[in-house]
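Trainee: If you scroll down you'll find the structure; I have some questions about it.
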Amino acid sequence: MPESRLFKILYYLLDKGTATAPELAERFEVSVRTIYRDIDMLSSAGIPVYTTTGHGGGIHLVDNFVLKKSLLSEQEMQDILIGVQSLSAVPYPNTDGVMSKLKATFRMPESDWIEIDFSRWGSIAEKEKCFFERLKRSILDQQEIQFLYYNTLGEGSRRRCQPLKLVYKDKAWYLYAFCLKRKDYRLFRISRMKELLVTEQRFKKHSERKGPVFSLMEEMGNPIEIGLSFPKEVSYRVYDTFEDDVIKWDGQEIRVNVTLPETEWLYGFIMSFGNQVSILYPLSLKEKIIERYKNAIKHYEEDTR
């Protein structure tokens, strides 16, 4: 008799409160006699399960027996459920079964107070979910992966990596991995990874990096202090991107003073505002933006000849 059926019977009773032997037999596709044997095994294992006869009778569990053995408060149990529910947004697979089991165990009511979808516009949610699951399994099973990766300039290159960690930062997922091509640790933005292949090659757990969790700024580029000024017409984008404590509004313009890694993302972000942003400092950043605008103009002028 598979042990998994005992747990399934237990979860079912925790969820429903009571059930008849024929009901359980039909659900788990076994005979009524087998169900009674399973109930005897649960009882002998110390689970307070009992049967009653007559109208309203059936198979029951002693009320709240799980809660009496639990050291969790009601608030802590609710926090656990919220945490698991939030996993579905990342998207972490197979949370529905975990949620139903925890709700039954904690005897907590259904709660649909939040719905989050981190998938990109125009993307196929199931495809991204499958991609995420394959990356997760490759990390846990310590299997090397291969993929085609596009950098910020749109240049593609084949990579073979030892995946170590999934990181979510600033509305995007990243893979932290040891790149066998570069012989160094790298961050890869998952949305730029294509043609992912999980290989059969295993690798040993990395121990080179210890201590606190690595800083994304350190990995992505040298942080610099910048000052930006925006007209009120684009205030919605400013507030979407930056925290309130780095934003100052004087009634005419919005000023932002913030420390960010100097990368192609930063240049592209500033240039996306067109003439609706001014760089207050540093001068070196303004010069790099001007250079990129000049190169863009040159490119389009040559393209029209």
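Trainee: To the nearest 0.05, how large is the calculated FRET efficiency for Ser191 and Leu280 if R₀ is 22 Å and r is the Cβ-Cβ distance? The partial results should precede the final answer.
Mentor: Numbers: r = 31 Å, r/R0 = 1.41.
Calculated transfer efficiency: 0.10.
Trainee: Then there's this: Could you check the simple spin-label distance between Phe273 and Ala296, using points 7 Å along Cα→Cβ, in nm with one decimal?
Mentor: 1.4 nm
Trainee: Right, something else. If you stretched the chain out fully between Val62 and Asp15, how much longer would it get, using 0.36 nm times the residue separation minus the C-alpha to C-alpha distance?
Mentor: 15.6 nm
Trainee: Right, here's the next one. Pull up all non-local amide H partners of Gln201: gap of 5 or more, or a different chain, and H-to-H distance under 5 Å with H placed in the peptide plane.
Mentor: Excluding prolines and chain starts, which carry no amide H, the hits are Glu144.
Trainee: Sticking with the crude label model, points 7 Å out along Cα→Cβ, report the distance from His206 to Ser43 in nm, one decimal please.
Mentor: 5.5 nm
Trainee: Express in whole angstrom the spacing between the alpha-carbon centres of the range 135-161 and the range 238-305.
Mentor: So the separation of the two Cα centres works out to 30 Å.
Each value in this text was obtained by applying a stated rule to the coordinates, not by laboratory testing. None of these values were measured; they are calculated from a predicted model. Cβ coordinates were reconstructed from backbone atoms using ideal geometry, including for glycine residues, and neighbour counts include every protein chain displayed.
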